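None of the figures in this text is laboratory data; all of them are computed from the coordinates on show. Since the model is a prediction, treat every value here as computed from it, not as a measurement. Neighbour counts are summed over all protein chains in view; Cβ atoms, including those assigned to glycine, are modelled from backbone coordinates with ideal geometry.
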Amino acid sequence: MLRAYKSEGDSLVVAEDLREKGVWINLVNPTDAEIARVAEQTNLMPDMLRAALDEEERSRIEVEEDQILILINVPIECQTDNRLIYDTVPMGIVVSDRTIVTVCLQESAILNEFESGRLRSFFTFKKTRFLLQVLFKTATQYLRYLRDIDRRSTQVESELHKSMRNEELIRLLNLEKSLVYFTTSLRANQIVLDKLFRSVVVKADPDAQAASRILTMYDEDQDLLEDVIVENKQAIEMGEIYSNILSGMMDAFASVISNNLNIVMKFLTSVTIILAVPTMVASFFGMNVALPLSGSPLAFLFIVMVSAVLSVSGAIILRRMKML
């Protein structure tokens with residue numbers, strides 16, 4: 001899917017001509033024809049446009065002539081077997097002197113905020129500011145999903161106290177897997193941010209020099225970049241903390257579920273012992289031989305009372321032994 005926009009004043013409008021300067025082109029799971037059209041009309045390299053279409057692509061920065069590719073991983077929500085899980089997908093941002101192109105395999109809530117036109121200080125022709133705003137929204141989206149994961153793990157924790165099923169542990173495992181994806185992607189994104197920061201500060205780095213030729217940063221942009229780095233580091237720390245907590249929680253509650261099962265089995269065993277007493281008495285008096293009280297009209301009542309007394313006595317003994 002190909003969508004193009006441009007800023008006119010404070011409004012975001014649809015752009016018809018991709019050759020126009022200051023246009024933002026958003027590609028979502030594009031076809032080969034769409035990539036070829038964008039590459040032809042914007043003079044961008046097709047390989048840069050296709051880089052984000054590989055799900056295993058790592059975060060990095062590439063500079064070729066007058067074009068720069070910033071590849072990051074963004075968080076997404078997805079449904080699997082009626083379960084909400086979190087994952088990451090690559091997003092490519094290709095910047096040239098005339099246009100900026102975003103490429104992603106799936107619809108992203110981050111870019112949808114920009115497409116809505118509700119964000120302040122967003123202009124498609126301010127490419128460096130737009131790039132940093134996308135990076136900042138990506139970091140804040142990670143933080144939002146991390147809080148959701150923490151809230152969901154707390155909910156599962158309350159259910160695990162009285163559970164003997166594996167379903168809750170599987171839900172925790174999915175959350176832990178999401179945290180691993182997040183922390184890995186955040187660390188990779190941090191490398192990209194550090195390289196962008198070097199393009200502003202350390203001009204001796206060849207890659208930094210090449211990036212600085214395309215990405216012109218003003219003081220406000222540098223402040224925004226520092227905010228992005230701070231938010232991303234905070235997300236990394238939160239992800240690591242939540243991952244450690246969740247890992248310990250899974251080990252603890254695996255033991256809790258096993259202990260709950262042992263308690264139930266102990267209770268059922270005690271009930272079986274108590275019910276075995278009247279069964280044993282009835283078996284004795286059901287023998288086809290001469291027995292006491294065989295001719296008494298009160299024999300049945302006596303047997304029932306004896307069985308009840310023995311059962312209650314057994315229950316009291318088991319209770320004192322904390323078996324019931």
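Things to note:
- Selected from Ile93, Ile274, Ile76 as most flexible by GNM, with the chain as the system and alpha-carbon contacts under 10 Å: Ile274
- Nonlocal amide H pairs with Ala4, under 5 Å, H built at 1.01 Å: Ala15, Asn26
- Axis angle, to the nearest 10 degrees, between helix 32-42 and the longest C-alpha principal axis of the chain: 30 degrees.
- Semi-axis lengths (Å, descending) of the ellipsoid that matches the C-alpha gyration tensor of the chain: 71, 20, 15
- The chain - mean residue ellipticity at 222 nm from DSSP helices (-39,500 (n - 2.57) per run, n ≥ 4, rounded to 500): -21000 deg cm²/dmol
- For Leu105, the residues 5 or more places off, or on other chains, whose built amide H falls under 5 Å of its own are Asn29.
- Amide H contacts under 5 Å for Met91: Ile72, Asn73, Val74, restricted to partners 5 or more places along the chain or on a different chain, H placed in the peptide plane at 1.01 Å from N.
- Taking packing as the residue-averaged number of other Cβ atoms within 10 angstrom, the listed peptides 259-268, 287-296 run from highest to lowest as 259-268, 287-296.
- Karplus 3J(HN,Hα) series, Hz, for segment 108-122 with 6.51 cos²θ - 1.76 cosθ + 1.60 (x for Gly, Pro): 10, 5, 5, 6, 4, 5, 6, 5, 5, x, 8, 7, 7, 6, 10
- Whole-Å semi-axes of the ellipsoid equivalent to segment 261-320 (Cα gyration tensor, √5λ, descending): 29, 12, 7
- When only Cα pairs below 8 angstrom with a gap of at least 6 residues are kept, segment 62-116 shows a relative contact order of 29 percent.
- In terms of other Cβ atoms within 10 Å, Tyr242, Tyr142 run from fewest to most in the order Tyr242, Tyr142.
- Karplus-derived HN-Hα couplings along segment 261-270 (A = 6.51, B = -1.76, C = 1.60, θ = phi - 60°), whole Hz, x at Gly and Pro: 5, 5, 5, 5, 5, 5, 5, 5, 5, 5
- Between helix 299-320 and the chain there is an angle of about 40 degrees, using the helix long axis and the longest principal axis of the Cα atoms.
- With the simple model of a label 7 Å out from the Cα in the direction of the Cβ, Asn43 to Leu119 spans 2.7 nm.
- A protection proxy built from the mean count of other Cβ atoms within 10 Å ranks the segments 94-105, 297-308, most packed first, as 94-105, 297-308.
- Projecting the Cα atoms of Leu131, Ser313, Val95 onto the charge dipole of the chain (Cβ charges, centred on the Cα centre) puts Ser313 farthest toward the positive pole.
- Degrees separating the helix 167-201 axis from the principal Cα axis of the chain, which is the longest one: 20
- P(r) tail fraction, segment 1-135 - alpha-carbon pairs more than 22 Å apart, %: 34
- By average C-beta atoms within 10 angstrom, highest first, the peptides 186-196, 131-141: 131-141, 186-196
- Net +/- balance of residues flanking Leu111 in space, Cβ distance below 10 Å, scoring K and R +1, D and E -1: -1
- Unit charges on C-beta of K, R, D, E only; dipole of segment 2-260, Debye: 340
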